[in-house]
Each structure stands twice: as C-alpha cells, then as structure tokens.
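First comes the structure, then the notes that go with it.
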Number of protein chains: 2
Amino acid sequence: MKIETKVAKFNEPLYLESGRILESYELIYETYGELNEDKSNVIVVCHALAGSHHAAGRYADEAKPGWWDKLIGDGKAIDTRKYFVICSNNLGSTFGSTNALSIDPTTKKEYRLKFPILTISDIVKAQMKLYKSLGIEKAKAVVGGSMGGMQALCYSIEFPNFAEHVFALATTAYTRPWAIAINKIAIESIRHDPAFKDGFYSKDDLEAQGLPGLAIGRMAGLIAYLSPELFNKKFGRDYARTDGLYELFGRFEVERYLEYNAYSFPKIFDPLSYLYICKTMNIFDAGRNEDTLENSFKKVNCKLHLISFSDDMLFFPDEMEEIRDIMIKIGKGDQITYKMVESESGHDSFLVEVEKFDEHIINLLENN
Amino acid sequence: MKIETKVAKFNEPLYLESGRILESYELIYETYGELNEDKSNVIVVCHALAGSHHAAGRYADEAKPGWWDKLIGDGKAIDTRKYFVICSNNLGSTFGSTNALSIDPTTKKEYRLKFPILTISDIVKAQMKLYKSLGIEKAKAVVGGSMGGMQALCYSIEFPNFAEHVFALATTAYTRPWAIAINKIAIESIRHDPAFKDGFYSKDDLEAQGLPGLAIGRMAGLIAYLSPELFNKKFGRDYARTDGLYELFGRFEVERYLEYNAYSFPKIFDPLSYLYICKTMNIFDAGRNEDTLENSFKKVNCKLHLISFSDDMLFFPDEMEEIRDIMIKIGKGDQITYKMVESESGHDSFLVEVEKFDEHIINLLENN
C-alpha cells in the first residue's frame, strides 16, 4: 500500500461559523491507494480527538501502524487496492494542520489564545477545499468514529451530494452534558496547571517537563473511552509488584496503566490544541441552524450507516438510535442502516474491535 | 430530635491491618435520639468518602441539614423517637477524627505523609471501641452507603454478632478497577498540584488559595456519582448566559455546575485526607484474609440487606448481585435481601432518592 503524506496550503480566507476568518491555513493529509481516472473511488476518513492524518500503514521507523490500520489497507474492508483513501489532520489539531500554535499571518505571532474556535462544520469545510484542490468532487464514502463520526454526520447534512455512503461510528448528533463533563476535567486540569502559563508556555519547557494537567485530562478520557467490564478483564485487582499495599502512592495495575498512557500523552499532544478540540466537540450539534434535528436530517441524500457499540460509555448507543429513529420518522428509512456491535472495549471499540464490523462495512459498500 | 456532638479520646493503641499502630486517636461523633435502658435500640450509621458524623438534623446556623436527614429523624425510616442513632466521623477523615493532619504523639508533629494507611476494617475496629466505651454491645442495625456500605459489609463479616440487621447501599464487596481509576484522577491531580507541596502545604495557604488539584479530583467524582441521564435532565445543552458560545472558556451549564461544586470542595476537605480515604476505598476487599469471598460471607450471622441503584455508575448493581448470589450459594439465602431501586440520580441516589427505599428499610427493620 502506497502512503503519501502531503501538506496543502490555502491562501484564501476560510470564513468560520463564529464569524471569524482564517486568512490562510494548511492541512496535512495522507492518501493510500491510487485515485482512478474518473476520480470515483475516493473514501474520506475522519479522525477522532487524539487521532491524526496517519490512519493506516506504517512508516519505516514506526512501531505501530496508523490508528485505523485494521480497517484500511490492501485487502481490508476499506481496500486500498480499490479505493483512494484520504485522511487529513483536522484543522486545530496538533499534528501539522493549522492550529493554535501556528503563526497568525496578520500579527506574525503564534495565535495561542487568539486562535478562533472551530466547529465540526468548519473542519469539514476546510476538508472540502482540500478535495476541490485535488479535483475531487464526489466520494464513494465518508467514514469516521467519535469526533470523526461527528464530521461524517456533518458531511451527510451539509454536503448532501458529496458522498454516496456515510459511515458514522461511536458518535452522537449533539454532545450531551455527560461527555462535556468529562472534557471539563481536561479543560480545568490544563488551565490550572501553572506550567500552562495561561496558554503562554514555552514549547521547549513542555517537552522537557511535560504538562501534568494535560496528562490528568487525558486520564479522564482514557477511563471514559473504555468500560468497567474491560477494566475488570484487563486489570482485575492486580497490584504493582514493586509497590506496597499500604504505601500511600502504591498502585494497582490499572493505575500504572493510566499513569503510563496519560503521562506519555503530553509528549505528542499540545495542550492548547486539546482545549480547542474539546471546545469543538462540546459545541457540536447537528441540529443547530435548524428548528429541529429532524429538519437537519431531512437534508441527507446519501446512505447513512450508523454503528454503535454496546458498552460505549462516552456516546451511548441510544444517541445513535435517536438518529435512526429520526431518519425513519422523516421518511428516510430506506437511507439509514443501524448496527449495534456487542463490544467489550467501550468507546474505543471502533478502533480495536474492527473485526466485529468490517464485514458489515464491506457489505454496505460493495452491495449498495 | 436531639443532636449531640462529642469527641471520644482513646489513649490505647489501635493495631492496624498494615502492622502499624496508632498510639492514641480520637473520634468525633453525633448521636440522635435516646439510648434506651437495656441499650437495645442502637442504629449505627456509616458515612461515605466526603461525608461526616453530621448525618441528620440541623444546627442553628446551618442552611442544609445532615447528609442523610431524609432517612434519619423523628418519624422517618430510622426513627429517632425510637432508635438511638450513632454516626462517627471515620478515622482518617477531615471532619474531626484523627487524620493525617493530627499530631503524631511520638513526634509531636503532624503526621502528614507518615500517617498510616487505614483499611475499612481499621475504621470499623475504631468505631467498635467507641461503642464499647459507651457500654453498647449490640446494634439493632448498621446502615451505610458507598464507602459507608463497605463498612456495613465489614461489620457483617468481622463482627457477626454485633448487629441484627446490616444495610449496605450502593456499594461493593471489593473495589473494581473502574472505581480505582476514577480515584486515580484525584490522586494524580492532588499530588501534581504544586500548591500541594508534596503534602507539606500550609493550611492557611490552602484556605486562601484553594487547591485546584483537589477540586479537579472532586470533579471526576461528581461525574461518576451522577449519571448520563441525570445530566441530560438537569442540564441538557443549556449554555451559560454570560458566556459566548465561541469563547474558549465559555461554559455549558453542566460546566458551571461542576466548577461551582468542585472549587468549593477544597474549602471543606483536606487533600491529604482525600488521598488517604481514596487509598482506603481502593484497597477494600471483603474477601481478603480468606481464600474466597464465599468464605468471608460464611461468617455473616445478621440479616444482610443490599440495596443497589439501577443507574449507579460507580458501584454497579451487578456488584451487589454478586454478594446476593454468594449468600444464596453458601446456604444463607434466608439471611439476605436484595432490592434494586430504579433510580435517576446515579450513585448519589442513596442520598437523594430516599423516598424510593425508606419504606423498604422500615419493613425490614420493623417486621423481622
């Protein structure tokens, strides 16, 4: 499978939902497979909060492949021998697209706290400019999970003639207060970390010292992305061999796991980017600009495929069922499919239990 | 209803499970109602993580009554016209019993990080000394929820002839990794807060500045103590009127609620005490010292009444059902009752939805 990583620069303004304007912006993206002659074999993949444009394949020096490598590749459900797959790093994210640490062309300084709030629609709008620049006007499918699923829903509503199929996994039509509350732990722990310096931290300092506030916020996420049952299976009550049971900071294995994964996170993720993305997710509402969610979904022209996960503790299956019910109610029952996967990995099942739904995706893609 | 608040001082060593020894200790406690002549009308109430000895009634200057005032009082389920109710502040807690900020009699300095780790059994053992000092040898009932329910279970196993009835609500026989993970957020956010000063903060400084790390830890608790459905009902997607939707730190109402409740918490609760109590809860395991949990529950002599809450996201109903199933399996089916309350307030239902189970408690107390 051929991986290409490129940066697209746009020297035209992007008008944002907030009314603010990005005078210019960049998107870093990867493609897998080959674009066919009539450009009819495009599949767009959208990433989640901590994801990146590196969705599949492996660079020479990489221990782990891209985040959805189980789904995307030669002979896999999203078959790169057949499809041309594009995944761009979301605007605002930390992996190379324009974000809060980019240079504001009007001031020549980093945006920092002056970076505009982005909505899911803004992110999708920027992606559409990318496809246009590549001469791509249609997609066979858009596929995304979690925050990527929000983008997928946005494509189905706001660009109803772009994709033939839209797959939205482990997501919601509007972020509920439960998910907002979980993000709040990160927001507060980042902003109250003195090393955050109200957004004016030095990048070198952070690389040297880490940012515990971001690690702790990530920890809250890690818990919400998994499930009580998975924790039971994975860790039980195993205790760290090196630690005393009656040491105040002695640790159960689950605590070691959280420490390891949380404290390594600030090395790869910028705290301002995290704050901005939390905000983007929190304010996502597919029903905005319309009186009702029904009115939004009336615009859908594609086949919309929803996949939920039974033990998802972040976006619960009933949030996806609400979308299915609306589609049926507004007479679009023939355009909607819904599958709840009996999962064991919580919200993260869309990333790790791919074998439970990849056949389902193949069937929908190939036979419809 | 008569409220009495007293402090009991014990100048005898308390031998702890860890092998460490508290040379002397104090317990602050409240009583409600009158002890009858043959001392047969005692009901022991055990409090949860953030609770105190002030379980019921209202002091002259108080806006809110004690934490279980809905359950305890004249004419209530735990009727103080009939019963003599005792609730002591747990050893290690912040409200007046011996804790990490108490003076170590051997060094004449505050314990701080040298305070011993306490187990639920240690806490109960100290309470038993209190009852003995009051001439009380038996209780009509022991009642507790959450960490108070762990104490209740401990009474039933370790002091099998003490209580006639034991009521354990919203609790577990051993703390699962999910609950340990939630406590981990608090542990990490406290210890990494520079104002914590590795446990050597000045109390005056904390009173003046607060401790964001403790507030953030509390925030994780507040989320886990409630439920997604309650958050939907209580907050929906209401946004703070004063805040802009596209302000980075603009807030949904659920965020305002979390801020308000979390940031006021360090004013009443000491961070070292919080760390020690998290540890106590994390290492609770009613099966310890025995090969199996079955062996532990074989010791139970009382009637053991379990009440779980359908939407409890901290200690799930199946954790209580496991205890019921064990009791039946070991031939003690006639000593166990189990009720799952269809609740809407998550884990906190044991505190706020008392009207859904108080009749149940009355029936069990009065007719058995």
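The values are calculated or read from the model by the stated rules, or taken from the named source; none is laboratory data. Bear in mind that the values here come from a model prediction, so they are computed numbers and not experimental data. Glycine gets a Cβ as well: all are built from the backbone with ideal geometry, and neighbour counts include every protein chain shown. Please note that ligands, DNA and RNA were not included when accessible areas were found on the heavy atoms of the full protein model with its side chains. Shrake-Rupley method; radii C 1.70, N 1.55, O 1.52, S 1.80 Å.
Taking springs between alpha-carbon atoms closer than 10 angstrom, which of B:Gly244, B:Gly92, B:Gly236 fluctuates most in the Gaussian network model of chain B?
Maximum among the listed residues: B:Gly244.
Any residues in segment A:174-210 that have 40 Å² or more less accessible area with all protein chains than in their chain alone, probe 1.4 Å, and which are they?
A:Pro177, A:Trp178, A:Ile180, A:Ala181, A:Lys184, A:Ile185, A:Glu188, A:Arg191, A:His192
Identify all lysines with a Cα-Cα distance to B:Lys356 below 25 Å; exclude those on the same chain that are fewer than 8 residues away in sequence.
Correct list for B:Lys356: B:Lys64, B:Lys70, B:Lys76, B:Lys82, B:Lys140, B:Lys233, B:Lys234, B:Lys303, B:Lys339.
One-quarter of the Cα convex hull surface for segment B:179-279, in nm²?
7.3 nm²
Give, ordered by residue number, each residue of segment B:243-270 whose 1.4 Å probe accessible area is reduced by a minimum of 40 Å² on adding the remaining protein chains to the chain alone.
B:Tyr246, B:Leu248, B:Phe249, B:Phe252, B:Glu255, B:Tyr263
Per residue, how many Å² of accessible area does chain A show with a 1.4 Å probe?
39 Å²
About the Cα centre of chain A, how large is the charge dipole given +1 on each Lys and Arg Cβ and -1 on each Asp and Glu Cβ? Please answer in debye to the nearest 20.
Taking the Cα centre of chain A as origin, the dipole is about 680 debye.
Would you work out if the protein assembly as shown is rounded, prolate or oblate? Take a ≥ b ≥ c from the square roots of the eigenvalues of the alpha-carbon gyration tensor; rounded if a/c is under 1.5, else prolate when a/b is larger than b/c, oblate otherwise.
Prolate is the answer for the protein assembly as shown, as a/c is 1.5 or above and a/b outweighs b/c.
Do you know which residues of segment B:276-306 lose at least 10 square angstrom of accessible area in the protein assembly compared with their chain on its own, with a 1.4 angstrom probe?
Residues meeting the cut-off: B:Tyr276, B:Lys279, B:Asn282, B:Ile283, B:Asp285.
Top to bottom by accessible area (1.4 Å), largest first, where do B:His54, A:His192 land? Could you put the intermediate results ahead of the total?
Values: B:His54 20, A:His192 75 Å².
Most to least solvent-accessible, the answer reads A:His192, B:His54.
Any idea which of B:Ser88, B:Ile362, B:Phe315 is furthest toward the positive side of the dipole for chain B, if Lys and Arg beta-carbons carry +1 and Asp and Glu beta-carbons -1?
Selected residue: B:Ser88.
Determine which lysines satisfy two conditions relative to A:Lys197: a Cα distance under 18 Å, and not lying fewer than 8 residues away in the same chain.
Correct list for A:Lys197: A:Lys109, A:Lys114, A:Lys267.
Which one of A:Asn289, B:Pro228, A:Pro65 is farthest out on the positive end of the charge dipole of the protein assembly as shown, using unit charges on Cβ (Lys, Arg +1; Asp, Glu -1) and the Cα centre as origin?
Sorting the options by dipole projection puts first A:Pro65.
For chain B, which whole percent of the accessible surface, found with a 1.4 angstrom probe, sits on carbon and sulfur atoms?
Accessible surface attributable to carbon and sulfur in chain B totals 48 percent.
Quick one: accessible surface of A:Thr292, probe radius 1.4 Å, all protein chains present, in square angstrom to the nearest 10.
Ignoring ligands and nucleic acids, A:Thr292 comes out at about 50 Å².
Please give the charge dipole size of the protein assembly as shown, origin at the Cα centre, charges +1 on K and R Cβ atoms and -1 on D and E Cβ atoms. Round to the nearest 20 debye.
Dipole about the Cα centre, nearest 20: 900 debye.
Would you mind pulling out the separation of the Cα centroids of segment A:81-146 and segment B:1-60, in Å?
60 Å
With a 1.4 Å probe and all protein chains kept in place, how do B:Lys267, A:Lys6 rank by accessible area, largest first?
I get B:Lys267, A:Lys6, largest accessible area first.
List the distances, in nm to one decimal, from the label point of B:Lys114 to the label points of the same position in every other copy, shortest first, placing each label point 7 Å from Cα along the Cα-to-Cβ direction.
5.4
For chain B, with a Gaussian network of springs between Cα atoms less than 10 Å apart, report the residue from B:Pro116, B:Pro266, B:Pro105 with the top mean-square fluctuation.
B:Pro105
Taking the label point 7 Å from Cα in the Cβ direction, how far apart in nm is B:Asn295 from each other copy of itself, listed shortest first?
Nearest to farthest, the other copies are at 6.8 nm.
For the interface of chains A and B, what total accessible area is buried with a 1.4 Å probe, rounded to the nearest 100 Å²?
Details: alone 16710 and 16710 Å², together 28490 Å².
Heavy-atom accessible area buried at this interface is about 4900 Å².
Ordered shortest first, which distances in nm separate the 7 Å Cα→C-beta label point of B:Ser24 from those of the other copies?
Label-point separations across copies, in nm and ascending: 7.6.
Using a 1.4 Å probe and ignoring any ligands, DNA or RNA, find the accessible area of A:Lys356 and quote it in Å² to the nearest 10.
For A:Lys356, solvent-accessible area is about 70 Å².
Using a 1.4 angstrom probe on the protein heavy atoms only, could you order B:Glu30, B:Glu207 from most to least accessible area?
B:Glu207, B:Glu30
If you count the DSSP beta bridges with both ends in the protein assembly as shown, what percent of them are antiparallel, to the nearest 5?
40 percent
Which residues' amide hydrogens lie under 5 Å from the amide hydrogen of A:Tyr174, considering only partners 5 or more residues apart or on another chain, with H built in the peptide plane?
A:Ala286
If the elastic network links every pair of Cα atoms under 10 Å, which of A:Ala126, A:Ala60, A:Ala262 fluctuates the most in the Gaussian network model of chain A?
A:Ala60
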